[in-house]
Every structure is written in structure tokens, then in C-alpha cells.
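S.K.: Right, I'll just put the structure down here and ask away after.
The values are calculated or read from the model by the stated rules, or taken from the named source; none is laboratory data. What you are looking at is a predicted structure, and each value in this text was computed from that prediction instead of being measured. When we count neighbours, we look across all protein chains shown, and the Cβ atoms used for this are built from the backbone with ideal geometry, even at glycine.
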Amino acid sequence: MKASLDTNVMIHLYRAGRQQILFDFFEEGVFIYEQIRSVESQSVLKMFQNNVDENRLLYGTGDLGEVYAISLAQTIGAYSLVTDDIKPGGPYMSLLQLEYEVMPFTFAELLILRYLLGEADELQTVDDFNAVNLASDLNWSLKSQVIKFIKRFWKEPYKEEDRQWMQKLSADHNIKAKSRFASLRRWL
């Protein structure tokens, strides 16, 4: 998978010394909007600018980093957007609720996915979450993020595609989610 990043998330992960999580998870590449400037093709730049203009209408001009990250994801065909802007009407919630080809994730969801895939154990997941959470001043709790994750992908998804994506991921990687979450719960 490849992902477009909101620069805030990148800053949080670097401050926490956990930036490698992104590069390990998104093996096809991690992109930030500054990279679009290095593209020589005018058609790509024009497509990016059109996406920016459309997304500015949707999200306003408050945080251009989010607008650029979504626009870049649309332009390069990234499947994922990693953001920390989860407020109603913000990019994360809008991408969950509207018909976009881009799937949003928070840093906490990436850590939970990594854990479910067996790429990190409970201790590593909790330590990484705490380090990024502290560096970001978001004041999230891992327990509440796990509950939101379960609701999003199993119990109350905004889009059926999210549930189907998780079912396929679970089948492809033989994920035993209930037992993995039970084990993680002991660490929360």
C-alpha cells in the first residue's frame, strides 16, 4: 500500500522517534504534499491543483496540510491517508462518510493494524502508542482507540467497504481478531 500523509502526523511520529512505522507499513511509499512539487509533468500538477481547489471547498482553508494530503492521495492514487484530524467535518470523518477511493487512518489505527497482523506485540504497540501520543499532545487513550477501531471495522462501519476490507485482510493474514484484542486488552 502507499499513503499520503498529513504533515502533522509525520511530525508526531518523528518527534516520538517512530517514523519507521510508516515506512514499514506502507511498503509502496509514503508521500507528503511537498513531493508533488518535484513532479515535472504539468498534467499531474494540474490534476493536483484541481483536487486542492475542490478539497478547499469541502474542508475550508483552516488546515491546508489536510487539504494537500487528501489532494495528493487522490492525484497519485494512494489508497490511504494518514491524519490526526478526526473532528466532525474534517478529512478523516468526511473520507469515512463520503464516497472516496482514499481510506483514512489515524496513527492509532495503523498501530492496531500492525498488531493484528502480528508485526508487533502488545508491549510494542502500547509503547509506540504512548510515545506518539505524548509527542503529539493529542491525549488519546489506546483503549478508546481500540473501541473506535472495532466499531469502524466490525460493529458499526460508516461504509460496508471498510468491513469487507477488514474481512479480506483477516482472511488473507489469518487474523484471529477476538483473541488478539483479548490479549491486547490485558495491557490497556
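S.K.: The conditions are (1) assigned to a helix (DSSP H, G or I); (2) out of contact with any Phe, Trp or Tyr (no Cβ under 6 Å at 6 or more places or on another chain); (3) without any contact (Cβ under 8 Å) to a residue 60 or more places away in the chain, and Val67 fails exactly one of them. Which is it?
M.R.: Val67 satisfies all of (1) assigned to a helix (DSSP H, G or I); (2) out of contact with any Phe, Trp or Tyr (no Cβ under 6 Å at 6 or more places or on another chain); (3) without any contact (Cβ under 8 Å) to a residue 60 or more places away in the chain except (2).
S.K.: Also: Could you tell me whether any residue of region 113-124 is in a helix (DSSP H, G or I), of a type outside the set (Val, Ile, Thr) and within 26 Å of Leu72 (Cα to Cα)?
M.R.: Of all residues in region 113-124, those in a helix (DSSP H, G or I) come to 113-116, 122-124.
Now restrict to residues that are of a type outside the set (Val, Ile, Thr): 113-116, 122-124.
Now narrow it down to the ones that are within 26 Å of Leu72 (Cα to Cα): 113-114.
Yes, region 113-124 contains at least one residue that is in a helix (DSSP H, G or I), of a type outside the set (Val, Ile, Thr) and within 26 Å of Leu72 (Cα to Cα).
S.K.: Just checking, does region 98-118 include any residue being modelled with pLDDT of 95 or more and over 17 Å from the mean Cα position of the chain (by Cα)?
M.R.: yes
S.K.: Quickly run through region 129-147 and pick out the residues that are assigned to a helix (DSSP H, G or I) and either crowded, with 17+ Cβ neighbours inside 10 Å or aromatic (Phe, Trp, Tyr) (or both).
M.R.: The initial filter retains those residues of region 129-147 that are assigned to a helix (DSSP H, G or I), namely 129-136, 142-147.
Answer for region 129-147, where residues must be assigned to a helix (DSSP H, G or I) and either crowded, with 17+ Cβ neighbours inside 10 Å or aromatic (Phe, Trp, Tyr) (or both): Phe129, Val132, Asn133, Ser136, Leu142, Gln145, Val146.
S.K.: Search region 97-111 for residues being touching a residue at least 60 places away in the same chain (Cβ under 8 Å) and part of a helix (DSSP H, G or I), and hand back the single one that is surrounded by the fewest Cβ atoms within 10 Å (Cβ to Cβ).
M.R.: Here the residue is Gln97.
S.K.: Oh, and also: Considering only residues that are free of Cβ contacts under 8 Å to residues at least 12 places away in the same chain and in a helix (DSSP H, G or I), look in region 149-160 and name the one that is farthest from Leu113 (Cα to Cα).
M.R.: Here is the first cut: in region 149-160, the ones free of Cβ contacts under 8 Å to residues at least 12 places away in the same chain are 151, 155-157, 160.
Now narrow it down to the ones that are in a helix (DSSP H, G or I): 151, 155, 160.
On the way: Lys151: 14, Lys155: 16, Glu160: 18 Å.
Here the answer is Glu160.
S.K.: Going by the structure shown, is Val126 hydrophobic (A, V, I, L, M, F, W, C) and either over 19 Å from Arg18 (Cα atoms) or surrounded by 22 or more Cβ atoms within 10 Å (Cβ to Cβ) (or both)? Talk me through it step by step, then tell me what you get.
M.R.: Details: hydrophobic (A, V, I, L, M, F, W, C): yes; either over 19 Å from Arg18 (Cα atoms) or surrounded by 22 or more Cβ atoms within 10 Å (Cβ to Cβ) (or both): no.
So Val126 fails the test.
S.K.: Here's another thing I want to ask about it. Among residues belonging to region 33-48 that are modelled with pLDDT under 65 and β-branched (Val, Ile, Thr), point out the one that is surrounded by the most Cβ atoms within 10 Å (Cβ to Cβ). Explain how you work it out, then say what you get.
M.R.: Within region 33-48, the subset modelled with pLDDT under 65 is 33-42.
Subset that is β-branched (Val, Ile, Thr): 36, 39.
On the way: Ile36: 21, Val39: 14.
Within region 33-48, the match that is surrounded by the most Cβ atoms within 10 Å (Cβ to Cβ) is Ile36.
S.K.: Of the residues in region 134-145, how many are among the polar types (S, T, N, Q) and in contact (Cβ under 8 Å) with a residue 60 or more places away in the chain? Break it down stepwise before answering.
M.R.: Just the residues of region 134-145 that are among the polar types (S, T, N, Q), to begin with: 136, 139, 141, 144-145.
After this cut, where a residue has to be in contact (Cβ under 8 Å) with a residue 60 or more places away in the chain as well, the list is 136.
Of the residues in that region, 1 qualify.
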